[in-house]
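Q: Let me begin by handing over the structure; questions about it come next.
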Amino acid sequence: MMNAIIEFFKTDGLPQLGLAFLLGGLIGIEREVNHRPAGLRTHIVVTISACLAMLINFEIVKNFEGVVNVDPGRMGAYVISGIGFLGAGTIMKEGASISGLTTASSIWASAMIGLACGIKMYKISIFFTILVLFTLLLVNKSNYKIVSLLQAKNKTNDCESCIKK
């Protein structure tokens, strides 16, 4: 029984889909915790869908090689352009303010992770997810501190120049 279960999970595509699910979930959790427009479900669905697109693509290439002219990169290219429309739906402009750009880019990154999982680029998928999470979790907080320090320094310089006059 246990061997049958192990063999089932070795089936083509299941490891790729499983990893895509986990990695997309990690990004989705970060977005969900921060109450962003696209959260856990969206990021998981984007990641596993992109992965499945690549799995289907390679089955098509394998089954129709020599019969028809098949471009193995075409499906990935369609995913990349199509995901842009989904990401664009999260971008909002209100006056001079624009929001949703980070969520749009995290959706796009999730699609890239799914594509990479689909072609068994496991190490790159994991490392890229770590980079995305690092960016989402840490860069924002440190960015505010750096900007605040620079603004404070500029205000100090402005005050000093006023005093010298």
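The values are calculated or read from the model by the stated rules, or taken from the named source; none is laboratory data. Please read these numbers as outputs of a predicted model, since none were measured by experiment. Here the Cβ is made from the backbone with ideal geometry for all residues, glycine too, and neighbour counts use every protein chain on show.
Q: For the range 116-136, name all the residues that are in contact (Cβ under 8 Å) with a residue 24 or more places away in the chain, surrounded by 24 or more Cβ atoms within 10 Å (Cβ to Cβ) and closer than 18 Å to Asn57 by Cα.
A: Within the range 116-136, Cys117, Gly118 qualify.
Q: Counting just the residues of the range 100-128 that are polar (S, T, N, Q) and out of contact with any Ser or Thr (no Cβ under 8 Å at 6 or more places or on another chain), which one comes out farthest from Ala77 (Cα to Cα)?
A: Restricting to residues being polar (S, T, N, Q) and out of contact with any Ser or Thr (no Cβ under 8 Å at 6 or more places or on another chain), the top hit is Thr102.
Q: All but one of (1) under 16 Å from Ile27 (Cα atoms); (2) modelled with pLDDT of 90 or more hold for Lys123; which doesn't?
A: (1)
Q: Restricting attention to the range 52-109, which residues are over 29 Å from Leu40 (Cα atoms) and either within 14 Å of the chain's Cα centre (by Cα) or in a helix (DSSP H, G or I) (or both)?
A: Ile60, Val61, Lys62, Asn63, Phe64
Q: Also, I was wondering about something else. Counting only residues that are assigned to a helix (DSSP H, G or I) and charged (D, E, K, R), which one in the range 11-46 is surrounded by the most Cβ atoms within 10 Å (Cβ to Cβ)? Outline the logic, then answer.
A: Filtering the range 11-46 for residues assigned to a helix (DSSP H, G or I) gives 14-33, 40-46.
Cutting the leftovers down to charged (D, E, K, R) gives us 30-32, 41.
Details: Glu30: 18, Arg31: 22, Glu32: 16, Arg41: 12.
In this case the residue turns out to be Arg31.
Q: Is there a residue being out of contact with any strand residue (DSSP E or B) (no Cβ under 9 Å at 6 or more places or on another chain), more than 23 Å from Leu17 (Cα to Cα) and at pLDDT 85 or above anywhere in the range 99-115?
A: Step one: filter the range 99-115 for residues out of contact with any strand residue (DSSP E or B) (no Cβ under 9 Å at 6 or more places or on another chain), giving 101-115.
Subsequent filtering for residues that are more than 23 Å from Leu17 (Cα to Cα) retains 101-102.
Still in the list and also at pLDDT 85 or above: 101-102.
Yes, the conditions are met somewhere in the range 99-115.
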